[in-house]
Amino acid sequence: MEVAKPHVAVLPNMGLGHLIPHLELAKRLVVHHGFHVSFLVITTNEPSAAQDQLLCSPHIPPDLHIVRLPPVDVDKITLDNDDVLVLTRLCTITAESLRSLKSVLTDLGKPKALVTDLFATQAFDVCKELSIPAYLYSTTSAAFNAFMLYLPQLDSDVDIEFIDLPEPIQVPGCSPIRTNDLVDQVRNRKIDEYKWLFYHVSRLPLASGILINSWEDLEPMSIKSIQENPLFKQIPTPPVYPIGPLIRQDETLSNTANLECLEWLDKQPPDSVLFLTFGSGGTLSFEQQTELALGLELSQQRFIWVVRKPTDTAGAGAFFHAGEVNENDPKVYLPEGFLDRTQGVGLVVSSWAPQVSILGHPSTGGFLSHCGWNSALESIVHGVPMIAWPLYAEQRMNATWLTEDIGVAVKPKMEAGERVVGREEIERVVRGVMEGEEGKVIRRRVKELKESAAKALDSDGDSYGSLSCVVNHWKN
């Protein structure tokens with residue numbers, strides 16, 4: 001008689017930056033650790049093309065079951081206003097969706113554990129009521145996790161706005177954080193975005209454990225601090241498990257444009273192509289997109305560029321519309337004649353491209369990225385050096401860590417008072433990464449970390465062992 005597999009539930013938040021790493025964790029639990037996983041999905045009455053494509057992928061293993069929570073009617077919670085910022089919108093929808101969580105978990109037969117997202121900590125209360133251990137899976141860096149754990153203490157100690165502090169913020173045992181790198185949501189403590197973030201981070205001690213998508217060699221100082229520093233012990237911080245890097249392994253190349261990208265790459269020399277994209281939700285202003293195009297042209301380097309309709313409202317202008325194909329011709333948003341002048345040297349695609357496949361291609365030699373943590377890990381795992389171009393959320397903090405602490409990226413310089421990075425600076429940075437001495441240094445460093453990442457996930461690696469430790473708690 002076949003023994004039933006242990007059953008856990010995984011609950012990510014909305015947005016591909018949360019959904020993809022949670023899905024990869026769920027796959028790993030099924031394939032490597034013999035679990036049955038219920039993957040709980042927050043839904044609304046608005047379509048999500050990218051989410052649907054991801055969850056209907058043929059790469060979903062048989063013991064991973066997708067369970068869609070009852071859809072939230074966005075119109076009824078007055079979130080159809082463009083002025084509602086991303087995190088407030090995200091948290092409000094999540095809070096409404098989780099009203100059904102108790103009945104869903106009960107119907108599933110009360111899994112052995114629930115793994116959830118930073119912005120879904122209301123699930124901790126439901127799990128306590130049902131006597132289900134609740135774990136947090138943080139899809140950001142260990143350094144950012146340290147900052148979040150420290151935030152309640154910082155809030156108590158500091159009277160003025162953090163952005164007005166005269167010195168960088170010193171998270172115990174970690175690299176100082178310059179105030180101009182601070183995550184958007186903590187720059188004004190009076191707004192709803194800060195209140196939502198503070199609410200969730202102050203509840204982190206309620207978790208039975210915190211899984212982090214990083215590994216010991218990548219962030220030794222931050223991981224050691226969270227685990228050993230007296231301040232973090234005093235919080236008290238739950239047990240911390242670095243289990244990364246968990247990145248998207250499979251992509252469905254469903255349309256002609258995706259296949260054309262890879263066919264074009266096949267014809268290019270090794271390490272010669274710069275890939276430019278700003279994640280699932282990132283957008284540029286029209287002025288900045290124009291300067292980026294002209295800087296690329298001046299650099300004379302090969303490139304693949306994912307172009308979206310520019311917006312002057314927010315760097316996260318496409319967050320809730322990820323995966324939607326922009327039917328407008330990219331020429332509309334680029335300088336006149338740019339495509340003709342760069343024909344054969346560059347390839348422009350609209351809205352979406354197979355990022356993992358492109359980063360893993362031998363012709364790709366650089367990645368101009370918004371520095372979302374998933375994209376950063378994908379770049380490191382494939383050994384591709386980065387040009388850091390942060391837009392929103394914690395990306396400025398990530399960009400600084402990747403550049404100054406980890407040594408796998410360079411950042412364009414922008415003078416005080418300037419609104420955009422100019423074309424000459426873009427030319428300088430692109431040339432430097434693709435063919436300069438600075439590029440050679442960070443290329444060597446990222447190749448070292450590529451090997452380290454693979455070792456961490458091997459059956460005798462630190463990250464595999466860390467996840468196995470959690471899994472054994474669940475099984476026993």
Exercise for the section: Tabulate in residue order the Karplus-calculated ³J(HN,Hα) for segment 50-61, using 6.51 cos²θ - 1.76 cosθ + 1.60 with θ = phi - 60°, rounded to whole Hz; enter x for Gly and Pro. Expected result: 5, 5, 4, 5, 5, 7, 9, 5, x, 8, 6, x
Practice task
Quick one: how many lysine pairs does segment 1-133 have with C-alpha atoms less than 19 Å apart and a gap of 8 or more or different chains? Give me the count, please.
Solution key: 9
Exercise for the section: Could you state how much accessible area Ile210 has, in square angstrom rounded to the nearest 10, with a 1.4 Å probe and all protein chains kept in place? Expected result: 0 Å²
Problem - Computed over the chain: relative contact order in percent, which uses C-alpha pairs under 8 Å that are six or more apart - result: 15 percent
Fill in the blank from the handout: Amide H proximity to Phe275 below 5 Å, modelled H, separation 5+ or other chain, gives Ile304, Gly365, Gly366, Phe367, Leu368
Handout entry: Net +/- balance of residues flanking Gln249 in space, Cβ distance below 12 Å, scoring K and R +1, D and E -1
Key = -1
Problem - Accessible heavy-atom area order of Lys128, Lys5, highest first, probe of 1.4 Å - result: Lys128, Lys5
Exercise for the section: Give the accessible area for Leu334 in Å² (nearest 10); use a 1.4 Å probe, count only protein heavy atoms, and leave out ligands, DNA and RNA. Expected result: 10 Å²
Problem - ³J(HN,Hα), Karplus 6.51/-1.76/1.60, whole Hz, each residue of segment 394-401, x for Gly, Pro - result: 8, 5, 5, 5, 4, 4, 5, 4
Exercise for the section: Please work out, to two decimal places, the log10 of the ratio I(q)/I(0) at q = 0.12 Å⁻¹ from a Debye calculation in which every Cα of segment 134-192 carries one identical scatterer. Expected result: -0.30
Exercise for the section: Using the 2.2 N^0.38 Å rule of thumb for compact globular proteins, work out how the chain stacks up: its C-alpha Rg over that value, please. Expected result: 0.95
Handout entry: Distance-filtered residues of segment 1-30 - backbone nitrogen under 11 Å, label point 7 angstrom along Val67 Cα→Cβ
Key = 7-11
Exercise for the section: Rank these by accessible area, largest first, 1.4 Å probe: Thr400, Thr92. Expected result: Thr92, Thr400
Handout entry: Exposure rank, largest accessible area first [Glu219, Glu437; 1.4 Å]
Key = Glu437, Glu219
Handout entry: Phi to ³J(HN,Hα) by Karplus 6.51 cos²θ - 1.76 cosθ + 1.60 over segment 177-182, Hz, x for Gly, Pro
Key = 10, 5, 5, 6, 9, 4
Exercise for the section: Return the Cα extents of segment 143-294 along principal axes one, two and three, sorted largest first, each rounded to a whole Å. Expected result: 56, 37, 26
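The values are calculated or read from the model by the stated rules, or taken from the named source; none is laboratory data. Every value quoted in this text rests on a predicted model; they were computed, and no experiment measured them. Cβ atoms come from the backbone with ideal geometry, glycine included; neighbour counts cover every protein chain shown. Only protein heavy atoms, including side chains, enter the accessible area calculation; ligands, DNA and RNA are left aside. Shrake-Rupley method; radii C 1.70, N 1.55, O 1.52, S 1.80 Å.
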